[in-house]
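What follows is a single structure, written as structure tokens, with notes after it.
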Amino acid sequence: MMTTLHFTRTLLATGLLSLGLAATTASAADLPGKGVKVQPIQSAIAEETFQTLLVSRGLEKLGFDVQPIKEIEAATGHVAISNGDATFLADHWDPLHADFYNNGGGDAKLFRKGVYSSNAAQGYLIDKKTADKYKITRIDQLKDPKLAKLFDSTGDGKADMTGCNPGWGCEAVIEHQLTAFGLRETVSHAQGTYSALMADTITRFEKGLPVLYYTWTPYWISGVLRPGKDVVWLEVPYSSLPGAQSKLDTKLPNGKNYGFTLNTQRIVANKAFTDQNPSAAKLFEVMRLPVGDINAQNQRMKNGENSQKDIEQHTDAWIKGHQKTFDSWIAQSMAVAKK
């Protein structure tokens, strides 16, 4: 037989449970993104998935219905976002993607506020052994056919430089600089699947052969071919960039000039979407991800943890390890939604 005390406790517990469920339901209903679909996009670079997923996790926390990531190259991706065929891109490089941004309608159609990740470097590198032996410090020294031939891996007498995939943005800079620095006759720009080309480049390096390649940070390449130890950055003779970047000075604060400005990675989104969803706009604006954290995650992918499940676990682990930071993003975004 149930005692009065037991009955009272049971009734109280049931009541509290009902209140809790009601609060949870009300809370879910009150989320600013409820019922709104979001389509994230990224390039074919698998190492961009971590950054993209982190943004998706934030949007999900706000109640948005986030779809699986679709792959599209940056040039067409900006247009897709502008047209409303996609919602956001987490890896917009500013100023490298300036022409893509302008072609997508610029500020009139695209949202771009805040700094997701800063101080992204890029440029040309060669193996340190060859650099030291032949005193090569600048890319334009490869106008000399004898020096260029050191990096010939195809037998045509030209230096073979592992370059940048079409559509990424960096390929336009490389093509522009090959002409500007008088390297057309002595240097070949090898393009294709970057990861496969770099795998061949690393194999050549491991065999003790000279290598010449383009890369960027944050990316795992510089964890394998370490600048200053295994390889060295090559400087350019002067600043020279194409299109919307043409007036920019590429000289770095340390006085070095590697031919590219330090880039800022930003989140670019459809402006109509951010106008209608201020909580998402605030999230895009306040999210910050240190370059070192991106490098660390990319290195784990290089070491074999590269499945979709692995990357999702990396993302969730980052959130757990930076819970206060993540929660502050959500709180700021929710505060805007309630105004």
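Listed by first and then second residue, the pairs with beta-carbon distance under 7 Å, at least 6 apart or on different chains, first residue in segment 159-175 and under 13 Å from Leu125 (Cα atoms), second part of a helix (DSSP H, G or I) and modelled with pLDDT of 95 or more, are Ala159/Leu142; Ala159/Ala148; Thr162/Leu197; Thr162/Met198; Thr162/Thr201; Gly163/Glu171; Gly163/Ile174.
For every residue, the table says whether it meets (1) on the phi < 0 side of the Ramachandran plot; (2) surrounded by 22 or more Cβ atoms within 10 Å (Cβ to Cβ); (3) touching an Asp or Glu at 6+ places or on another chain (Cβ under 6 Å).
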residue: Ser153; (1), (2), (3): yes, no, yes
residue: Leu178; (1), (2), (3): yes, no, no
residue: Arg184; (1), (2), (3): yes, no, no
residue: Gly192; (1), (2), (3): no, no, no
residue: Val211; (1), (2), (3): yes, yes, yes
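If you go through segment 164-175 one residue at a time, do you hit one that is under 30 Å from Asn103 (Cα atoms), among the aliphatic types (A, V, I, L, M) and either surrounded by fewer than 17 Cβ atoms within 10 Å (Cβ to Cβ) or in contact with a Pro (Cβ under 9 Å, 6 or more places away or on another chain) (or both)? Looking through segment 164-175, at least one residue is under 30 Å from Asn103 (Cα atoms), among the aliphatic types (A, V, I, L, M) and either surrounded by fewer than 17 Cβ atoms within 10 Å (Cβ to Cβ) or in contact with a Pro (Cβ under 9 Å, 6 or more places away or on another chain) (or both). Considering segment 105-220, the qualifying strands (runs of 3 or more DSSP E), each wholly inside and each with 2 or more residues that are modelled with pLDDT under 95, run over 117-120.
When you check Gly223 against the structure, is it outside the structural domain of Leu59 (by TED's automatic domain parsing) and in contact (Cβ under 8 Å) with a residue 24 or more places away in the chain, yes or no? So Gly223 passes the test.
Which one of Pro237, Pro278 is assigned by TED's automatic domain parsing to the domain that holds Asp132 and of a type outside the set (S, T, N, Q)? Full working, then the answer.
Numbers: Pro278 fails: assigned by TED's automatic domain parsing to the domain that holds Asp132.
Within the list Pro237, Pro278, the selection yields Pro237.
The values are calculated or read from the model by the stated rules, or taken from the named source; none is laboratory data. Keep in mind that what you see is a predicted model, and the values were worked out from it rather than measured. FYI the Cβ positions are ideal-geometry reconstructions off the backbone, even for glycines, and counts take in every protein chain you see.
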